[in-house]
Structures are given as C-alpha cells and as structure tokens.
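K.L.:
My structure is below; once you've seen it, I'll send some questions.
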C-alpha cells in the first residue's frame, strides 16, 4: 500500500483522512465587508454576538455599519461571558429563539464565537441542553442537519474558533469544562482583520498565543489518523488525528509563533508580530480542526473549571479566572515530556520550529528540549510557573484528575494511552517547572 510520507498504516487502521474548513477572508479592513458577505449568504435579520466590552468598540461599530449599509437587520447580543457556561449559553439561546434570526455574526474572542455557535444550534434544533454536549457528560447527539449561516470575526490572536466546529463552556453543575463538537458547528465564514489585534493587552496576547501554540503542537503530535480503526462511512471523527493536511498548517503555525510571540507580547506597537500571530491562529485552527488536540487541553479543562481565587492580570477581575490559553500552556511542558517517546522525531522537530537550538540533540532528548523551549517562552511572556502558579497544590491533584478523566474525546487523541494514573503523574509534574 502506498501511504503518505511519514505515516505508517496499522492493521485495521484508517486509510483515509478528511479536510474541512470554513471559508476565510483575511486582511486589513476586512470587517468593512461583513455586510456584503452576510447579504451574499442570504441573511436578512442577524444576531450580532459580542461581549459587553467589545459592544462599544470601533470594530463592532464597523460591523454594524456594514450590515446596515447592506440592508441587513441587526439585533445586538452583548452578554457573552469571558468564559461561557451552560447558563450563559442557555440565556443566549433564549435571545436567539425570541429573535427568529436567519443568520449570526459574532465578533470577539472564542467566547463570543462559541456562544454564537450554541445560539445557532439550539435555536435551529431545540433539545435538552445535554443532548449535544460531548460524552460522557452529555449525550453527544449528532446535529440533525445544516445550521443557519454564521460569520465569525475573531478579535484575539488565539482560539481559531472561526474555523473550528467546537464550542467550549463551563458546565456549572458538573464543575467541569466541556464542549460541543461537530463539523456542522463550523462558522460558514471567518472574517479575519489583523487591525483588531493592535489594542489587545499583553496578557491577552500571551494567552491567545499559547492557545495557538498548543493547537498546533498537539495537532502535530496527536495520534496519527492511520492508527484509528477505519470508521463506517460518514462516521469519521472530527478529531481524526494527525494527518498530512493538518501537518502543513500546524508546522507553519509553530514556526510563526516561535518567531513572533515574545515580540507581540513585549511591544504593542509591533504590528508585524501581532499580524503574524493572528495568521498563525487561523492556520492552527485549521490544523486542529481537522486533527484535534489532546492531553494539555484535557488537563486545561480541569484547571479552568476548578479555579479557586486566581485572577489573570488584565482580565476583568469580577471573578476568578484562568484564561483558556494559560490553562493549557501550564500543562504543556509536563505533557510533552510524557508524550515524546511515542514520536520523538516530531517532538524534536516541533522544538526546532519553535526556535529551540536542536543541533546535537538526540531523539532521546526530544521531550526535554521541547519542554525547555516552551518554558523559555512562558517565562519571557509572564506566564505562571505551572499549575502551582495559578493556585493549585498537590492536595488538588485528585480533583484535577477527576476533572480531566471525562475528556475522552481529547485523551483518545493522545499519541500514547493516558488513564487516571497517568493524569495524576502529569498534574504533579505540572505543579512547577522552574
């Protein structure tokens, strides 16, 4: 059998991968064209979804003016939470049901885009909230059919939510972060305007950037698609594992991040570095949207969901919060040291792409080389020193373990098996790095 370079086929494994991505418009001034894009997609009445801060920004004003000029009726929804919950998704859905919209436009970070995804889903196919939520917390019911058009306009250089079919939230009753995942959730179009990044605080840029790094790195080191059992027609998972297409997007995203994240965080006037970060976010979103992420993200949901009193700098301090990108990266060095033996060549290549000096390094050193480079970038951008830096202690490890175990979709994508015992070891290793 002829196979793609770098991929070995296993008995009974899949021999096919899929590529699925949203339509993309990218460039300075792209937000001024949202009205024409909405009209082209047949929208006549839209919910414009954003957060309380961005509701009064020039970017939202630009989008509203563009929609109005195109003759599209707009109803503003500006109650998105920084970290959405099942309750905030439910409130947004009630707004969508009352509004009878034929389309959605979101502007903001992943929270606003994910909220619009949930509004679109539950107003189009109403059901019990648990119905579409990822198993085992929810029932993971397939979305019955197409959703209404959704134009997503990201304002942070991190989540890649404009090109993915994932909506993440805190499930309050379960004290866990989880999500809804389906190809049908992908926005119809992503409108990516690099001008939006220029006013972002440095902590937001850092957290967003590390989310990008994690998307790209985890996609590149995920379990290969050829190591999954071949599914029935139409049943291939969205997180199908590393594949030749996702590799292209992920490696370029890591190269851009390694060269630009410190510059973008350190100097808000470095427009080139911030523009490059946004482009990397799009690439990494396409990569993990077709390959999936794994252990650091599974661990991050427990870290974010169980936060005690940590409040990230430059984020609204109305509640304790570990932003998503921060919650992921504090687990990453421990994870790569654990996972590297499954594919040391890929881990060593990732280290080089991120800017590590790998000359003379052996494959046996791959995990340490990559982990040290991630730690260097964390220190240079002011990230906390492991999960201990956001308020967790060794006594919290059992709760963190139990919060990560339900993330079956993510853990199944890891390059080597991860069970509750391994998660305990990983959380202990992530307490402090330097």
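K.L.:
State the number of residues belonging to the range 213-238 that are modelled with pLDDT under 95 and under 20 Å from residue 82 (Cα atoms).
P.N.:
Number satisfying all stated conditions: 0.
K.L.:
State all residues of the range 157-199 that are closer than 19 Å to residue 53 by Cβ and over 14 Å from the mean Cα position of the chain (by Cα); if no residue qualifies, say none.
P.N.:
Listed by number, the residues that qualify are 193, 195, 196, 197, 198, 199.
K.L.:
Could you run through the range 25-39 and say how many residues are touching a residue at least 40 places away in the same chain (Cβ under 8 Å) and part of a helix (DSSP H, G or I)?
P.N.:
Restricting attention to the range 25-39, the residues satisfying the condition of being touching a residue at least 40 places away in the same chain (Cβ under 8 Å) are 25-31, 33-34, 37-38.
Retained after the next criterion (residues that are part of a helix (DSSP H, G or I)): 30-31, 33-34, 37-38.
Matching residues across the range 25-39 total 6.
K.L.:
What residue, among those in the range 88-113 that are touching a residue at least 60 places away in the same chain (Cβ under 8 Å) and in a helix (DSSP H, G or I), is nearest to the chain's Cα centre (by Cα)?
P.N.:
Filtering the range 88-113 for residues that are touching a residue at least 60 places away in the same chain (Cβ under 8 Å) and in a helix (DSSP H, G or I), the one nearest to the chain's Cα centre (by Cα) comes out as 110.
K.L.:
Same structure again: Please go through the range 370-401 and give me each residue that is over 25 Å from residue 260 (Cα atoms) and either modelled with pLDDT under 95 or outside any helix (DSSP H, G or I) (or both), ordered by number.
P.N.:
Selection gives 391, 392, 393.
K.L.:
If only one of 364, 351, 404, 380 is without any contact (Cβ under 8 Å) to a residue 24 or more places away in the chain, assigned by TED's automatic domain parsing to the domain that holds residue 222 and either surrounded by 15 or more Cβ atoms within 10 Å (Cβ to Cβ) or touching a helix residue (DSSP H, G or I) at 6+ places or on another chain (Cβ under 6 Å) (or both), which one is it? First the steps, then the outcome.
P.N.:
Working: 364 fails: either surrounded by 15 or more Cβ atoms within 10 Å (Cβ to Cβ) or touching a helix residue (DSSP H, G or I) at 6+ places or on another chain (Cβ under 6 Å) (or both); 404 fails: without any contact (Cβ under 8 Å) to a residue 24 or more places away in the chain; 380 fails: without any contact (Cβ under 8 Å) to a residue 24 or more places away in the chain.
Only one candidate passes the filter, namely 351.
K.L.:
Of these, 225, 220, which one is within 30 Å of residue 406 (Cα to Cα) and within 17 Å of the chain's Cα centre (by Cα)?
P.N.:
220
K.L.:
Only residues that are assigned to a helix (DSSP H, G or I) and closer than 21 Å to residue 415 by Cα: list them for the range 256-292, please.
P.N.:
Once the filter is applied, which keeps residues that are assigned to a helix (DSSP H, G or I) and closer than 21 Å to residue 415 by Cα, the range 256-292 yields 284, 285, 286, 287, 288, 289, 290, 291.
K.L.:
Need at least 2 residues that are out of contact with any strand residue (DSSP E or B) (no Cβ under 8 Å at 6 or more places or on another chain) and in contact (Cβ under 8 Å) with a residue 60 or more places away in the chain per element, so show me which strands (runs of 3 or more DSSP E) inside the range 162-240 make the cut, counting only ones lying wholly within it. So that I can check it myself, show each step before the final result.
P.N.:
On the way: elements: 166-171, 176-181, 189-192.
Of the strands (runs of 3 or more DSSP E) lying wholly inside the range 162-240, none has at least 2 residues that are out of contact with any strand residue (DSSP E or B) (no Cβ under 8 Å at 6 or more places or on another chain) and in contact (Cβ under 8 Å) with a residue 60 or more places away in the chain.
K.L.:
Right, here's the next one. Pick from the range 40-75 the residues that are in a helix (DSSP H, G or I) and surrounded by fewer than 17 Cβ atoms within 10 Å (Cβ to Cβ): which of them is farthest from the chain's Cα centre (by Cα)? Reasoning before the result, please.
P.N.:
First, pick out the residues of the range 40-75 that are in a helix (DSSP H, G or I): 40, 54-56, 58-69.
Among the residues that remain, those that are also surrounded by fewer than 17 Cβ atoms within 10 Å (Cβ to Cβ) are: 40, 56, 58, 61, 65, 68-69.
Details: 40: 28, 56: 25, 58: 25, 61: 26, 65: 29, 68: 31, 69: 33 Å.
Across the range 40-75, the extreme among qualifying residues is 69.
K.L.:
What are the residues in the range 99-123 that are over 26 Å from residue 196 (Cα atoms) and either touching a helix residue (DSSP H, G or I) at 6+ places or on another chain (Cβ under 9 Å) or buried (at least 24 other Cβ atoms within 10 Å of the Cβ) (or both), if any? Give the steps one after another, and end with the answer.
P.N.:
Going residue by residue through the range 99-123, those that are over 26 Å from residue 196 (Cα atoms) are 99-102, 121-123.
Passing the criteria: 99, 100, 101, 121, 122, 123.
K.L.:
Six or more apart or on different chains, Cβ atoms under 6 Å: show the pairs whose first residue is in the range 253-272 and on the phi > 0 side of the Ramachandran plot and whose second is surrounded by fewer than 20 Cβ atoms within 10 Å (Cβ to Cβ) and assigned to a helix (DSSP H, G or I).
P.N.:
No pair meets every condition.
K.L.:
Which of the numbered conditions does residue 313 fail, given that it passes all the others? Conditions: (1) modelled with pLDDT under 95; (2) surrounded by fewer than 24 Cβ atoms within 10 Å (Cβ to Cβ); (3) closer than 30 Å to residue 226 by Cβ.
P.N.:
Status for residue 313: all satisfied but (3).
The values are calculated or read from the model by the stated rules, or taken from the named source; none is laboratory data. Bear in mind that the values here come from a model prediction, so they are computed numbers and not experimental data. FYI the Cβ positions are ideal-geometry reconstructions off the backbone, even for glycines, and counts take in every protein chain you see.
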